Structures are given as C-alpha cells and as structure tokens.
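Only one structure is covered here, and it is reproduced in the block below.
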Amino acid sequence: MEKKTFAQLREQRLAANEKLGDIYVKAANRELNEEEKMQVINLTREIEMCEREMKGINLDATNQQANASRETANKKAAFRELVSEAARTGQKREVLLFPTDSNVKGNVTASGAIELTIHEMIPTLHEGLGLPQGLGIVTGVEGNELWPVSINDVEMEEPGEVEALNDQILEFEKITPTQNRVGLKVPVSNMAIDNAAFDLMAFVQTKFEIALREYLAKKIYSQANWAKNKGPFSGMTPQNIELGANAYKNILAAVAAFSDKGFYEGNVCISMDRVTEAELKATPKIAGAAGGFVIENGLCAGYPYTVSHFVNRTLNSAGKLVPTADRFIEIGYWEFFALQQHGQVRMVVDPITLADRNVTRVILNTAWSMTDLSVYINGANNESQAFGLFKVVETESSEG
C-alpha cells in the first residue's frame, strides 16, 4: 500500500474531525446510540493514527535537513582543504567543479536545463539578469553538433492532362555552434582561506554565479556587435515602434508580424528596460476606456516579458558596453536560440602567481556557444527570423 503524504494525512484528519463533529451535533440533546459510539471510537482512532504518521513525516524531514546540512558542511570543508593544501604546497591544483547541495531548488536543473556539475550558476531573477521565458540552457555538451535546415518549400502545379510536372528542388543548409572559451579568475586572500569562520566556497561560487549571470544577460539582450558569442539582437537593425496611446495595438501588431512568418504567439517573450515597463504599466490598453493597462498581471499585452537594462546597451569605440541614447523593445521566440555550455567546467587553484601579495587565485575555464536557429527559416539568408529589435519613438502629434 502506498504511503500517504503529509497533505493527504492532514486532509484525512480534517475529514474525520468533521464527521466526529457532525455526530455530536446530531446528538446535541440526547445520548449517543450504540452505532454512534462505535463511529466515535473509529473516528478517534483514525485521527490519532493520522497524527502519529504526520509526526513521523515531520521527524523524517527534520533528519533529512540535518543530514543535508552536514553534507554541505563536509563539502565546504573539503573545498577549503583543497585550496589550503595548494597554498601550503605551492602546487597548482585542477579540479572539476562539483554540486554543493543536492536539495537546492534555484539551480540550472530546476530551470529545465540538462544537469551540469555546478547547480548554483543561474538562480532566480535579479535586475537585468533574468533570462527570457522559453530559452533552454543545455550544459555539458560533448562533441560536434549540427542542425539541418530546410530553406525552401515546393508548390502544387496544375499541368495539362498529359503534360509532365516540373522538377522542384528542395534545398538545405546546416547550422553548427561555434564554441568560445569563457573563464575568469578570482583572487582569494590566504588569510580568508585560513579563517575557518569564513565560508570560502560560498564566496568563490557567488563570484562565479554573478559573473556568469551577467555574461549571459549582456550577450543575450544587448544589441552590441560582439566579436565572439552573441545574442540574436547583436548588430540587428531596429524597426520603429510607437508607444503612447496606441502602445497596446502596436505591440500586438509587432507580435502578429512574427505570426505571419509561421511562429506561434504562445511562445513569444518581450524584453524591455525598467523605464519602459513603468510607462506601459501606466498606459491604458484603450484610451478613455476601463480595459486595464498594457502591462498588468505580470504580462505585457498578454505575453510574458522580462526586464533588463542590457536591452539599451551597445559597444562604444573602445569596446566598452555603454547605454544607448534611445530605448528599445525586443521580441523573441527563444526556443529558436541554442544556448549551450560545452565540455567540463575546470577550476585551477594557483597559490604561486600572487604569492607576494598573500593571495591564491581560483581560475575557472569552460566554453559556451550561442546559436540563432532561425537564420535560414522561410528562405532567409543568414538573417534572424525569430527575433526582432524595436526602437521606441515618440507618438506623432495629431494636431494640425
């Protein structure tokens, strides 16, 4: 017999209590008969049984939590020992990163991605760093990949009764991801390493987490013309979109343009900055009507949206990411964007290079690729079809 959950036991206990109450209500002005007395005995036993099993479940959960805490502490101690040993011996150490806590919920696995050896790299939303709905992250990719693409269709003909049909050729292209090395170095004071009260693992992983979240967000959202990994809006020429009184209609029209290409509206995600979000939260769907606002209930014109200041960022002549003079809105079907981490995530502990500063460097190396899979759809010539960049322009005045 399948063991009941805590919630099921709670519902069973509640139902038994209600039945018990009904019996006493019916017999408010008389004594219980024999049948009712037996029912009271059985219901009381059922309630006590539920309470015993609920206490047992609570005890099991407490023990599991304690075991998880001890496991996490052991792993943190092992990490500190590894770094301390490298600092003592003066020898560099290379290790593959490992998960710190199998019970963590805000991790890559929980977001729907394939599991990697690091679980804390992409946590819940932060300003400008949340990833679009529909974007899948694949990690630990090995070997080469290829996406075959059919770039044209065929058409029905109406030949004469005995005329030959014309040959129609189906043409194909292929898309392959380009891996680019991605890494960073985190200097850690040897005094921090030696301080048992300092959570060294949390410190290093926090640095890794923030760096990776920012790396992915600025690549994915910004229109900067990156040399290596780049998002779908990189170097894209924007179209104009008016907000103001017609914002609701114009956003719907922009999304509808993708539907004309064959994309389904249910998978779209819109991205913007905080100022545009605030404006659309205060913009009525229909001027003068009580129909709600363009952004309400967590949706923009009825579609999921994300907010990031990187939407309005590009590269200057010095190669630095800077704000643009204008505001932009991005529309994308993110299932057509392949975001992949390749191979292993390697960490090197280097106690030598900065030994004169009493510092040990922790170095991270891996590889990522970013691939727009829509660049050949509908016969396009290496031009994104599933993503659109829109420059916000002032509403033209209707005054003469």
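The values are calculated or read from the model by the stated rules, or taken from the named source; none is laboratory data. Nothing here was measured: the structure is a model prediction, and the numbers come from that model. Using ideal geometry, Cβ is built from the backbone for each residue, glycine included, and neighbour counts are taken over all protein chains shown.
Here are a few things to note about the model shown:
- Selection status of residue 363, out of contact with any Phe, Trp or Tyr (no Cβ under 7 Å at 6 or more places or on another chain), among the β-branched types (Val, Ile, Thr) and assigned to a strand (DSSP E or B): yes
- Hey, residue 59 within 53 Å of the chain's Cα centre (by Cα), in a helix (DSSP H, G or I), modelled with pLDDT under 80 and of a type outside the set (Val, Ile, Thr) or not: yes
- The stretch 380-400, residues that are out of contact with any Leu (no Cβ under 7 Å at 6 or more places or on another chain), within 21 Å of residue 231 (Cα to Cα) and not acidic (Asp, Glu): 380, 381, 382, 384, 385, 386, 387, 388, 389, 390, 391
- Considering 318, 367, the condition of being closer than 28 Å to residue 177 by Cα and in contact with a His (Cβ under 7 Å, 6 or more places away or on another chain) is satisfied by 367 alone.
- Checked against (1) of a type in the set (Gly, Ala, Ser); (2) surrounded by 12 or more Cβ atoms within 10 Å (Cβ to Cβ); (3) under 24 Å from residue 340 (Cβ atoms), residue 254 meets all criteria but (3).
- Within the stretch 263-312, being part of a loop (DSSP other than H, G, I, E, B), out of contact with any strand residue (DSSP E or B) (no Cβ under 6 Å at 6 or more places or on another chain), closer than 22 Å to residue 221 by Cβ and aliphatic (A, V, I, L, M) holds for 294, 301.
- Test: residue in the stretch 243-253 that is more than 30 Å from residue 369 (Cβ to Cβ), among the hydroxyl-bearing types (Ser, Thr, Tyr) and out of contact with any His (no Cβ under 7 Å at 6 or more places or on another chain): yes
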